[in-house]
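The values are calculated or read from the model by the stated rules, or taken from the named source; none is laboratory data. Note that the coordinates shown come from a computational prediction; the quantities given were computed from them, not determined experimentally. Neighbour counts run over all protein chains shown; Cβ positions are idealised from the backbone, glycine included. Remember, those area values only see protein heavy atoms, side chains included, never the ligands or the DNA or RNA. Shrake-Rupley method; radii C 1.70, N 1.55, O 1.52, S 1.80 Å.
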Amino acid sequence: MPEVAEVAHVCALLRRNVLGFTIKSVNFRLDPLLFPVLKESKDPDAELEKMRSEILNSQIDSVGRHGKYFWLRLIKEGPKQMVLLMHFGMTGMIKIRDVKSHLVFMENGGDKKILKELNEPKGEDEIKVESDSEWPPRFSKFEMELVKDGLKREISFADPRRLGRVRLITDVAAATNDGLLQIPPLNALGPDYSKKSEVVKMEANFVFGDPDPNNHGRPRLDLNAFNKLILSKRKPIKSLLLDQTYFAGVGNWVADEVLFHAKLHPNEVVANKIAYESGKVNPVVARLYESLIYVCEEAVKCEGDSKKFPSHWLMLHRWGKARKKEGKAKTKDGLVLDHITVGGRTSCYAPEVQHLLKNEIVSEAKQPSRKRKPVENAVEPVKRRGKKKV
């Protein structure tokens with residue numbers, strides 16, 4: 001589930017709670033899936049110990065994000081810098097001991113819990129301290145103990161399905177965030193549309209919202225370039241939005257939300273219906289562009305807290321496809337929702353407002369036929385006569 005909004009929330013938690021802390025202890029599990037460097041190592045134990053010793057006694061200097069990736073920038077021994085780069089996969093999550101996170105996994109009934117809380121508000125502060133009775137948490141893949149001015153923090157990377165990825169990057173090219181984005185696997189990602197095109201400086205005293213609004217040298221496309229991209233790809237628009245090489249951070253629920261606001265059917269192949277014209281932007285593509293930016297920016301601004309999303313959004317009502325006894329879900333505005341599979345992914349949409357487009361391209365097969373004019377002095381073709389039967 002973690003997408004651009006959830007990653008922003010975790011980065012916000014880290015920025016509020018661990019900046020300036022020194023890593024005093026590290027406990028890594030030997031897991032070649034979580035740590036890709038172990039797959040190619042002849043001695044995985046030694047490789048993991050090397051990684052542990054590298055980050056031990058380093059200080060967490062900053063937090064960054066791009067798409068579904070996020071990182072802790074570490075400083076050790078003066079100018080030496082390292083980056084602990086992480087990706088959650090489907091079920092990964094960073095947990096800070098005794099610090100509350102408002103994220104809820106919707107797939108297992110979390111949507112019902114959130115809707116109930118919205119209908120029965122308790123007025124509690126979302127950012128508060130609560131006791132974690134179990135530590136390390138279940139499915140923890142690594143833990144770190146941090147200290148600063150006598151204060152201790154404990155963090156864990158938990159991942160039930162082991163689809164997350166953790167890399168320690170020591171390349172000198174990663175000394176800046178712009179340089180980091182030029183290094184694999186980040187170099188393969190497209191722009192993150194939750195970030196503005198212009199360079200944005202981080203707030204010194206961060207409280208709530210986007211913990212890293214800088215695009216790090218990879219700005220989102222302008223409308224004209226976006227229009228050209230969309231009309232050059234002949235694939236369902238839902239599948240295109242999920243392609244991280246073009247739209248970093250857009251996952252299943254974000255893509256559904258974008259298409260809901262753009263009033264586009266998830267299975268629509270826009271390039272088959274609208275012809276590209278240089279210097280001209282089709283209103284359908286313009287609406288998609290505006291919806292993509294709106295949803296990504298708004299979700300990050302709320303730190304992925306679904307209880308803070310606008311009430312007319314699709315997000316809280318798109319889950320629970322298998323709950324057939326309860327009938328089809330509806331948005332707060334009464335739009336009936338349905339589910340289809342697009343590119344192997346379940347997609348939720350509102351058929352009443354998300355129609356397939358009418359074809360604006362007149363195919364050659366449908367063009368009016370043109371009769372060939374007779375050519376003057378043309379020789380009439382000789383008719384072949386069959387042999388007479390005897």
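Can you confirm whether region 223-237 contains a residue that is under 21 Å from V284 (Cα atoms) and in contact with a Pro (Cβ under 6 Å, 6 or more places away or on another chain)?
No, every residue in region 223-237 fails to be under 21 Å from V284 (Cα atoms) and in contact with a Pro (Cβ under 6 Å, 6 or more places away or on another chain).
Could you tell me whether any residue of region 212-223 is of a type in the set (A, V, I, L, M), open to solvent by 30 Å² or more (accessible area, probe 1.4 Å) and closer than 26 Å to E54 by Cα?
Within region 212-223 (the criterion being of a type in the set (A, V, I, L, M), open to solvent by 30 Å² or more (accessible area, probe 1.4 Å) and closer than 26 Å to E54 by Cα), the answer is no, since none of the residues qualifies.
List, please: which pairs have Cβ atoms under 6 Å, are six or more places apart or on different chains, and start with a residue in region 240-269 that is among the aromatic types (F, W, Y) and end with one that is open to solvent by less than 10 Å² (accessible area, probe 1.4 Å)?
Once the first residue is among the aromatic types (F, W, Y) and sits in region 240-269, its partners that are open to solvent by less than 10 Å² (accessible area, probe 1.4 Å) give Y246/G190; F247/G190; F247/L241; W253/M315; F260/L314.
Please determine, by comparing only the residues of region 90-119 that are part of a loop (DSSP other than H, G, I, E, B) and at pLDDT 95 or above, which one is most open to solvent (accessible area, probe 1.4 Å).
Out of the qualifying residues, it is R97.
Residues in region 170-196 that are in contact (Cβ under 8 Å) with a residue 12 or more places away in the chain and open to solvent by less than 20 Å² (accessible area, probe 1.4 Å): how many?
Residues flagged as in contact (Cβ under 8 Å) with a residue 12 or more places away in the chain and open to solvent by less than 20 Å² (accessible area, probe 1.4 Å) within region 170-196 amount to 10.
Among residues belonging to region 49-89 that are among the polar types (S, T, N, Q) and at pLDDT 95 or above, point out the one that is least open to solvent (accessible area, probe 1.4 Å).
The extreme case among them is S58.
Which of the numbered conditions does E40 fail, given that it passes all the others? Conditions: (1) at pLDDT below 95; (2) open to solvent by less than 20 Å² (accessible area, probe 1.4 Å).
So the condition that E40 fails would be (2).
Conditions first: (1) assigned to a helix (DSSP H, G or I); (2) at pLDDT 95 or above; (3) open to solvent by less than 30 Å² (accessible area, probe 1.4 Å). L316 passes all but one, so which condition is the exception?
(2)
Just to be sure I understand, how many residues within region 1-37 are in a helix (DSSP H, G or I) and open to solvent by less than 50 Å² (accessible area, probe 1.4 Å)?
14
Cβ-Cβ below 8 Å, separation at least six or inter-chain, first residue in region 333-356 and acidic (D, E), second open to solvent by 40 Å² or more (accessible area, probe 1.4 Å) and in a loop (DSSP other than H, G, I, E, B): which pairs?
Going by the 8 Å Cβ cut-off, the qualifying pairs are D333/H312; D338/K328; D338/P351.
I'd like the full set of residues that are open to solvent by 30 Å² or more (accessible area, probe 1.4 Å) and out of contact with any Leu (no Cβ under 8 Å at 6 or more places or on another chain), limited to region 240-259.
L242, D243
So A329 passes all but one of these: (1) at pLDDT 95 or above; (2) of a type outside the set (F, W, Y); (3) more than 21 Å from the chain's Cα centre (by Cα). Which condition number does it fail?
Checking A329 against (1) at pLDDT 95 or above; (2) of a type outside the set (F, W, Y); (3) more than 21 Å from the chain's Cα centre (by Cα), the one that fails is (1).
Out of all the residues in region 150-204, which are touching a Phe, Trp or Tyr at 6+ places or on another chain (Cβ under 9 Å), in a loop (DSSP other than H, G, I, E, B) and over 14 Å from H66 (Cβ atoms)?
Scanning region 150-204 gives D159, P160, R161, R162, L163, G164.
Go through region 285-304 residue by residue and tally those that are surrounded by 20 or more Cβ atoms within 10 Å (Cβ to Cβ) and closer than 22 Å to S347 by Cα.
Residues meeting the conditions: 9.
Which of the residues spanning region 319-337 are open to solvent by less than 70 Å² (accessible area, probe 1.4 Å) and either among the hydrophobic types (A, V, I, L, M, F, W, C) or not in a loop (DSSP other than H, G, I, E, B) (or both)?
W319, A329, L335, V336, L337
Using the structure shown, decide if R138 is at pLDDT below 95 and in a loop (DSSP other than H, G, I, E, B).
The answer is yes for R138.
Can you tell me which residue among N227, N272 is surrounded by fewer than 23 Cβ atoms within 10 Å (Cβ to Cβ) and among the polar types (S, T, N, Q)?
Just a single option satisfies the conditions, and that option is N272.
Does at least one position in region 338-357 carry a residue that is open to solvent by less than 30 Å² (accessible area, probe 1.4 Å), at pLDDT 95 or above, assigned to a loop (DSSP other than H, G, I, E, B) and not hydroxyl-bearing (S, T, Y)?
Within region 338-357, one or more residues are open to solvent by less than 30 Å² (accessible area, probe 1.4 Å), at pLDDT 95 or above, assigned to a loop (DSSP other than H, G, I, E, B) and not hydroxyl-bearing (S, T, Y).
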